[in-house]
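A.B. asks: Below is one structure. I have some questions about it.
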Amino acid sequence: MRKPIIAGNWKMNKNVTESLELVKDLRFKLADVSDVEVVVCPPFTALYSVYQFLKGSNIKVGAQNCYFEKKGAFTGEVSPSMLKEAGCTYVILGHSERRQIFKESDELINRKIRAVLSEEMLPILCCGETLEEREKNVTNEVIKRQLTGGLKGFTEDEMLKMVIAYEPVWAIGTGKTASKEQAQEVHKFIRDLISKLYSQKTADAVRIQYGGSVKPDNVSILMNEPDIDGALVGGAALEADSFVKLVKFEKK
Ligand code: PEP
């Protein structure tokens, strides 16, 4: 049985004060949740304060990115050990905004995954096609390239520590959600790919989140698909009420 995982990617939103206001609400309103794993991913500057506030609660903290080196002359970068010390359990890697705006390659993402695992944190590896790629019917090829590149060299045990997030780029922040059929089809493709790269047992255990305009009114429809195990949420994670509704989605 895969435990659903709902993660909020706050992106470059919320200063320390605003972050604490939000998690104060979440901690209280989500205190009764035990059947869903809940993760919040604030900006770097708020990680430590948010972690301190959430310590002992059922909400975990994740970062949105990191660099792969341990320390040194990498101006502006943050290392996995710094994130670990700040209280992170998860690190989102390969988000489409990182791939598109900051030109991150699968090879770079692969190195970051290695670095995150070596600090005993858990990567959330994002993949997803652009609208142009979907219209050209190359979605599966794109996903396969991103995942085989990102996962290169990892053992089965390492694979089991990861979460995959399928996020069609055309659905991120646009209000256009993939239909449940479109999302399920790609999630199934991803699970079959993991089974080919590792084993069916591992593929059955790995959680695959959907991301792209997930809102309280579409979360249950998506979550009730057999291969959708969670959601990576941007916009709707910025308000306590909508994030709480997402976490408390209606189960079949
Ligand atoms: C995201 O940034 O990962 C995301 C899915 O954003 P949104 O929910 O706003 O589409």
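The values are calculated or read from the model by the stated rules, or taken from the named source; none is laboratory data. Since this is a predicted model, take the numbers as computed values, not measurements. As a convention, Cβ positions derive from the backbone with ideal geometry for all residues, glycine included, and neighbour counts pool all protein chains shown. All accessible areas refer to the heavy atoms of the entire protein, side chains included, with ligands and DNA or RNA removed. Shrake-Rupley method; radii C 1.70, N 1.55, O 1.52, S 1.80 Å.
A.B. asks: Take region 68-106 and flag every residue that is of a type in the set (Phe, Trp, Tyr) and buried (at least 19 other Cβ atoms within 10 Å of the Cβ).
C.D. replies: First, pick out the residues of region 68-106 that are of a type in the set (Phe, Trp, Tyr): 68, 74, 90, 102.
Hits for region 68-106 are Phe68, Tyr90.
A.B. asks: Checking Ile190 against (1) within 22 Å of Asn9 (Cα to Cα); (2) assigned to a loop (DSSP other than H, G, I, E, B), only one condition comes out false. Which one?
C.D. replies: Going through (1) within 22 Å of Asn9 (Cα to Cα); (2) assigned to a loop (DSSP other than H, G, I, E, B) one by one, Ile190 breaks only (2).
A.B. asks: Something else: Only residues in region 187-216 that are at positive phi count as the first member; pair them with residues that are surrounded by 15 or more Cβ atoms within 10 Å (Cβ to Cβ) and not in a loop (DSSP other than H, G, I, E, B), Cβ under 6 angstrom, at least 6 apart or cross-chain, and list the lot.
C.D. replies: Sorted first by the residue in region 187-216, then by its partner, the pairs are Gly212/Ala171; Ser213/Ala171.
A.B. asks: Quick one: how many residues across region 123-145 are open to solvent by less than 30 Å² (accessible area, probe 1.4 Å) and either hydroxyl-bearing (Ser, Thr, Tyr) or over 15 Å from the mean Cα position of the chain (by Cα) (or both)?
C.D. replies: Residues of region 123-145 that are open to solvent by less than 30 Å² (accessible area, probe 1.4 Å), as a first pass: 123-129, 139, 142-143.
Imposing the further condition that a residue be either hydroxyl-bearing (Ser, Thr, Tyr) or over 15 Å from the mean Cα position of the chain (by Cα) (or both) reduces the set to 129, 139, 142-143.
Qualifying residue count for the region: 4.
A.B. asks: Which one is farthest from the ligand (Cβ to nearest atom), of the residues in region 204-223 that are farther than 20 Å from Leu160 by Cβ and of a type in the set (Gly, Ala, Ser)?
C.D. replies: Restricting to residues being farther than 20 Å from Leu160 by Cβ and of a type in the set (Gly, Ala, Ser), the top hit is Ser220.
A.B. asks: For the list (1) within 17 Å of Val206 (Cβ to Cβ); (2) within 16 Å of the ligand (Cβ to nearest atom); (3) touching a Ser or Thr at 6+ places or on another chain (Cβ under 7 Å), I need the number of the one condition that Gly175 fails.
C.D. replies: For Gly175, the exception is condition (1).
A.B. asks: Here are the criteria: (1) surrounded by 21 or more Cβ atoms within 10 Å (Cβ to Cβ); (2) more than 16 Å from the ligand (Cβ to nearest atom). Tell me which single one Ile109 does not satisfy.
C.D. replies: Just one mismatch for Ile109, condition (2).
A.B. asks: Tell me the residue from Leu20, Leu47 that is aliphatic (A, V, I, L, M), on the phi < 0 side of the Ramachandran plot and in contact with a Gly (Cβ under 9 Å, 6 or more places away or on another chain), please. Before you say what the answer is, go through the steps one by one.
C.D. replies: Working: Leu20 fails: in contact with a Gly (Cβ under 9 Å, 6 or more places away or on another chain).
Testing whether each residue is aliphatic (A, V, I, L, M), on the phi < 0 side of the Ramachandran plot and in contact with a Gly (Cβ under 9 Å, 6 or more places away or on another chain) leaves just Leu47.
A.B. asks: Give just the number: which of (1) within 16 Å of the ligand (Cβ to nearest atom); (2) touching a residue at least 12 places away in the same chain (Cβ under 8 Å); (3) acidic (Asp, Glu) does Glu104 not satisfy?
C.D. replies: (2) is the only condition that Glu104 fails.
A.B. asks: Let me ask something additional. Please list, ordered by first then second residue, the pairs with beta carbon atoms under 9 Å, 6 or more apart or interchain, first in region 228-245 and away from the ligand (no atom under 13 Å from the Cβ), second assigned to a loop (DSSP other than H, G, I, E, B) and among the charged types (D, E, K, R).
C.D. replies: Taking only residues 6 or more apart or on different chains, the pairs are Asp229/Arg2; Asp229/Lys3; Lys245/Lys215; Lys245/Asp217.
A.B. asks: Further question: Looking at region 146-155, which of its residues are assigned to a helix (DSSP H, G or I) and either surrounded by 17 or more Cβ atoms within 10 Å (Cβ to Cβ) or modelled with pLDDT under 95 (or both)?
C.D. replies: Restricting attention to region 146-155, the residues satisfying the condition of being assigned to a helix (DSSP H, G or I) are 146-151.
Selection gives Gln146, Leu147, Gly150, Leu151.
A.B. asks: Further question: Within region 117-140, work out how many residues are of a type outside the set (S, T, N, Q) and in contact (Cβ under 8 Å) with a residue 40 or more places away in the chain. Give the steps one after another, and end with the answer.
C.D. replies: Start the filter on region 117-140 by keeping residues that are of a type outside the set (S, T, N, Q), which leaves 117, 119-129, 131-136, 138.
Narrowing further to those that are in contact (Cβ under 8 Å) with a residue 40 or more places away in the chain: 117, 121-129.
Within region 117-140, residues that are of a type outside the set (S, T, N, Q) and in contact (Cβ under 8 Å) with a residue 40 or more places away in the chain number 10.
A.B. asks: Please pick out the residue among Ile172, Ile143 that is of a type in the set (A, V, I, L, M), more than 24 Å from Asp217 (Cα to Cα) and either in contact (Cβ under 8 Å) with a residue 60 or more places away in the chain or in contact with a Cys (Cβ under 6 Å, 6 or more places away or on another chain) (or both). Walk me through it before giving the result.
C.D. replies: On the way: Ile172 fails: more than 24 Å from Asp217 (Cα to Cα).
The conditions single out Ile143.
A.B. asks: Further question: Counting only residues that are assigned to a helix (DSSP H, G or I) and open to solvent by 20 Å² or more (accessible area, probe 1.4 Å), how many does region 198-222 have? Spell out the reasoning first.
C.D. replies: Just the residues of region 198-222 that are assigned to a helix (DSSP H, G or I), to begin with: 200-205, 219-222.
Subset that is open to solvent by 20 Å² or more (accessible area, probe 1.4 Å): 200-201, 204-205, 220-221.
Total satisfying the criteria: 6.
A.B. asks: So which residues in region 157-187 are open to solvent by 70 Å² or more (accessible area, probe 1.4 Å) and either of a type in the set (A, V, I, L, M, F, W, C) or touching a helix residue (DSSP H, G or I) at 6+ places or on another chain (Cβ under 8 Å) (or both), if there are any at all?
C.D. replies: Those that are open to solvent by 70 Å² or more (accessible area, probe 1.4 Å) and either of a type in the set (A, V, I, L, M, F, W, C) or touching a helix residue (DSSP H, G or I) at 6+ places or on another chain (Cβ under 8 Å) (or both): Leu160, Lys161, Gly173, Lys176, Lys180.
A.B. asks: When you check Leu20 against the structure, is it touching a Cys at 6+ places or on another chain (Cβ under 9 Å) and either more than 16 Å from the ligand (Cβ to nearest atom) or in a loop (DSSP other than H, G, I, E, B) (or both), yes or no? Talk me through it step by step, then tell me what you get.
C.D. replies: Values: touching a Cys at 6+ places or on another chain (Cβ under 9 Å): no; either more than 16 Å from the ligand (Cβ to nearest atom) or in a loop (DSSP other than H, G, I, E, B) (or both): yes.
No; evaluated as a whole, the condition is false for this residue.
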